[in-house]
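The values are calculated or read from the model by the stated rules, or taken from the named source; none is laboratory data. Small disclaimer: the values here were computed from a predicted structure and weren't measured. Ideal geometry is used to build each Cβ from the backbone, glycine not excepted, and the neighbour counts take in all protein chains shown. Only protein heavy atoms, including side chains, enter the accessible area calculation; ligands, DNA and RNA are left aside. Shrake-Rupley method; radii C 1.70, N 1.55, O 1.52, S 1.80 Å.
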Amino acid sequence: MAATATKNAKSADGKFADMQRDTIELNDKDHMTTDYGIKISDPDHWLRVADEKKTGPMLLEDQIAREKIMRFDHERIPERVVHARGTGAFGTFKLFESAEDVTTAGVLTDTSRETPLFLRFSTVQGSKGSADTVRDVRGFAIKMYTAEGNWDIVGNNIPVFFIQDAVKFPDVVHSVKPEPHNEVPQGQSAHNNFWDFVYMHSETTHMNYWQMSDRAIPRSYRMMQGFGVNTYSLINKEGKRHLVKFHFTPELGVHSLVWDEALKICGQDPDFHRKDLMDAIDAGHFPRWKFGLQLIPEDKVDDFEFDPLDATKVWPEELVPIRYIGQLELNRNIDEFFPQTEQAAFCTSHIVPGIDFSNDPLLQGRNFSYFDTQISRLGPNWEELPINRPVCPYMNLVNRDGSMKHRITKGTVNYWPNRFHANPPADASQGGFTSYPEKQQGIKARALSEKFKEHYKQAQTFYNSLSEIEKLHVAKAFSFELDHCDDPIVYKRMTERIAIVSSELAEMVATNVGGDMPSKPSKNHGKKAKGLSQLEYLPEKPIIDTRRIAILLADGFDYNAYTTMKDALSERGAFVFTIGAQRKGVTSESGQTVVPDHFFTGMRSTLFDATFIPGGKHVADGLAKNGVAKFWVTESFAHLKPIAGMNEAVPFIKKQIGLDEVEVASPGTLSAESYGVVTGYGDAPSTLKVGSVGPDSKGLA
Ligand code: HDD
């Protein structure tokens with residue numbers, strides 16, 4: 001048993017194998033039973049006194065009906081107090097390079113292992129049923145089922161945090177959550193209380209800029225970075241300590257929605273990100289992230305102008321480069337949401353030998369909070385639940401009982417030490433966890449170190465490092481948010497605060513929302529840094545894998561152009577969908593019938609990354625007469641998305657995008673100057689080049 005468990009913890013499918021013990025599969029042979037096992041003959045009628053008209057009273061005696069109703073009455077558990085909305089998937093962690101110079105952790109030193117893992121993505125503020133594409137930080141919580149026990153990295157897609165001291169967490173969360181008097185708004189930071197909090201806490205400034213950037217409206221969970229955020233320690237076999245930050249960089253690059261799209265998708269498909277992840281995994285397009293470490297030797301901790309234990313600061317890559325040593329892949333969808341995602345529970349305090357904490361004051365508080373919250377969500381035996389239990393052998397003779405204990409431990413003693421030497425602890429040579437023997441001395445005080453008091457420099461570096469388009473998006477985001485604050489105290493002084501980082505930005509926002517500007521312009525240190533603009537994280541070559549591409553059709557389309565383009569895109573890994581005038585079928589010029597995946601009113605351009613329209617009579621006879629099809633093109637263009645058209649579709653597209661007079665692209669080309677519009681003429685659709693639009697492409701958004 002122990003040997004199987006250890007093997008499971010080192011093999012990619014180990015957690016799957018472990019969960020099979022508790023997995024049953026629905027079929028048409030096994031009869032429906034009560035939870036205590038008797039077969040049910042009629043699940044549809046409550047036992048009652050059946051008089052002649054069958055209108056008699058219902059009987060409390062019906063244990064089958066009572067069990068069903070009782071189970072239903074109690075099927076909800078408290079949602080997570082933050083990060084309630086999310087979804088997860090299983091995967092594997094592989095190491096390419098051993099980090100044995102800095103740690104003894106097997107998961108970071110044994111390159112022959114494949115460590116199974118579960119990763120849950122989430123938004124922060126919204127409740128469990130809120131929409132996926134709101135402006136928010138995204139959670140990136142990983143549970144690695146290592147051979148030495150579970151290691152949880154409970155991170156975000158933004159490398160810094162709002163506050164420095166964990167004791168402020170209830171304040172920041174209360175301020176951003178719906179206001180207490182009316183529980184409005186849901187899943188949004190655009191309200192008085194949040195911006196009041198931001199103003200009152202200048203330590204939020206750096207995080208606030210990231211949150212107003214495109215990072216907070218990702219295109220997909222698969223296209224975001226992951227950061228451990230807090231500072232941990234790695235300890236090597238000589239007992240030397242390095243401070244460490246963990247990084248995950250997506251193979252697909254970092255991409256975002258534009259705000260108008262994000263807003264619309266909230267209504268059009270609130271599960272957009274959940275479905276995107278599941279669809280990609282189901283289709284075998286497994287998302288991958290490079291795993292890297294930033295390391296600071298213990299004796300260099302004081303060498304920086306910031307404190308490396310301050311979670312509102314990044315460690316600039318110029319000073320502390322990222323050392324990429326591994327890869328995380330997601331490759332299996334969950335089978336059932338509640339037991340495998342709702343009951344998943346993470347703890348920042350779950351670390352394995354070779355890894356240790358630091359005196360990061362946010363991390364220390366988190367270590368208390370996560371462990372505590374699982375008890376109200378799941379009860380004291382939450383670590384025994386299939387999704388949470390380790391894959392390696394585990395046993396503790398003292399940790400017993402409590403509600404819902406289900407593991408059975410044989411033996412007559414439940415204390416240590418005992419006369420049988422049962423369940424002995426392990427010393428370090430046997431893999432026992434030993435804390436880093438850091439010397440600690442001081443007086444008790446409620447305080448933070450001096451360097452924690454500087455709150456603006458890195459926010460300015462972040463803003464300076466953004467491209468012009470990203471800066472414009474930040475200005476629009478601040479303006480949207482403050483426009484939703486109706487208390488002048490809040491929005492007026494907030495624009496003054498923005499001016500500390502950038503007068504130019506504050507000017508734009510103040511003009512839009514009616515805010516105030518300080519009398520003196522602020523000073524800009526002019527510094528930029530690596531790794532802050534998301535445009536640095538585009539894939540090396542443009543790729544269209546898993547991008548959702550719509551082909552618009554009505555009766556009379558060019559079948560050859562349609563199939564050739566569809567096949568070419570599918571071959572390149574795109575997900576192609578046919579959107580037609582009606583789902584019962586559309587007929588081509590040459591008589592072939594295609595049954596579209598959706599009809600026009602059932603879908604919106606916002607749910608696709610690009611659009612293709614083949615030539616044919618269908619343009620004049622169908623698309624040009626259909627308001628939804630016309631708006632589709634206009635809206636796609638406004639959202640900066642590539643649009644391709646053949647023959648008759650070309651003038652139609654030009655008209656919808658309002659560029660009648662502009663020469664779009666020469667046939668078969670794609671360029672920024674072409675406004676992301678590709679056109680092709682003639683019979684040979686293979687002359688069309690399939691590509692994607694670069695960051696500089698112009699558009700109306
Ligand atoms: Fe937290 C959940 C990320 C600070 C207290 N947090 C939670 C989740 C993520 C984060 C991804 C969702 C886990 C899941 O999917 O189940 N939290 C962070 C990051 C932080 C951070 C990156 C800053 C570095 N959190 C933080 C502080 C506290 C908490 C300072 C409390 C002092 N967080 C919680 C919590 C949650 C939680 C209330 C809610 C559900 C849960 O823990 O399991 O305990």
Exposure rank, largest accessible area first [LYS94, LYS143, LYS453; 1.4 Å]: LYS453, LYS94, LYS143
Long-range amide H partners of VAL576, meaning residues 5 or more apart or on another chain whose placed amide H is closer than 5 Å, are ILE549
List every residue whose amide H lies under 5 Å from the amide H of ARG138, counting only residues 5 or more places away in sequence or on a different chain, with H placed 1.01 Å from N in the peptide plane. ASN157, ILE158
For VAL154, list long-range residues whose amide hydrogen, built 1.01 Å from N in the peptide plane, is under 5 Å from its own amide hydrogen. ILE142
Using the Cα centre as the reference, give the magnitude of the dipole from point charges on the C-beta atoms of segment 144-274 (Lys, Arg: +1; Asp, Glu: -1; all else neutral), rounded to the nearest 20 debye. 480
Applied in sequence order to segment 635-652, the curve 6.51 cos²θ - 1.76 cosθ + 1.60 (Karplus, θ = phi - 60°) yields integer Hz couplings, x standing for Gly and Pro, of 5, 4, 5, 4, 9, 6, 9, x, 10, 10, x, 10, 6, 4, 6, 5, x, 4
Under Karplus coefficients 6.51, -1.76 and 1.60, residue-wise ³J(HN,Hα) of segment 136-151 in Hz, glycine/proline x: 6, 6, 10, x, 9, 9, 10, 10, 9, 8, 7, 5, 10, x, 6, 10
Could you please state how large a percent of the accessible area of the chain is carbon and sulfur, counting protein chains only and using a 1.4 Å probe? 54
Close Lys-Lys pairs in segment 20-74, where close means Cα under 25 Å and separation is 8 or more or interchain: 5
From the Cα centre of segment 309-385 to that of segment 82-132, the distance in Å is 8
In segment 228-330, GluC sites (Glu not before Pro) in a DSSP loop with at most 11 other beta-carbon atoms within 10 Å: GLU238, GLU305, GLU318
Could you order VAL677, VAL184 by accessible surface area, starting with the largest, using a probe radius of 1.4 Å? VAL184, VAL677
Name the chymotrypsin sites (Phe, Trp or Tyr not before Pro) in segment 128-205 that are in a loop by DSSP and that have at most 10 other C-beta atoms within 10 Å, would you? none
Count, lysine Cα pairs under 27 Å in segment 541-687, 8 or more residues apart or across chains: 25
Plugging the Cβ-Cβ distance of PHE338 and ASP683 into 1/(1 + (r/R0)^6) at R0 = 56 Å yields, to the nearest 0.05, a FRET efficiency of 0.55
Accessible-area value, ARG135, 1.4 Å probe, nucleic acids and ligands omitted, Å²: 10
Could you order LEU59, LEU119 by accessible surface area, starting with the largest, using a probe radius of 1.4 Å? LEU59, LEU119
Rounded to the nearest 10 Å², what accessible area does LYS290 have for a 1.4 Å probe in the complete protein model? 100
With θ taken as phi - 60° and the coefficients 6.51, -1.76 and 1.60, list the Karplus ³J(HN,Hα) couplings across segment 48-55 in order, rounded to whole Hz; mark glycine and proline as x. 9, 7, 8, 6, 4, 8, 6, 10
Tell me what the chain gives for mean residue ellipticity at 222 nm when only DSSP H runs of n ≥ 4 count, each as -39,500 (n - 2.57), the sum divided by the residue total, rounded to 500 deg cm²/dmol. -7500 deg cm²/dmol
Rolling a 1.4 angstrom probe over the protein heavy atoms, how many square angstrom per residue are accessible across the chain? 48
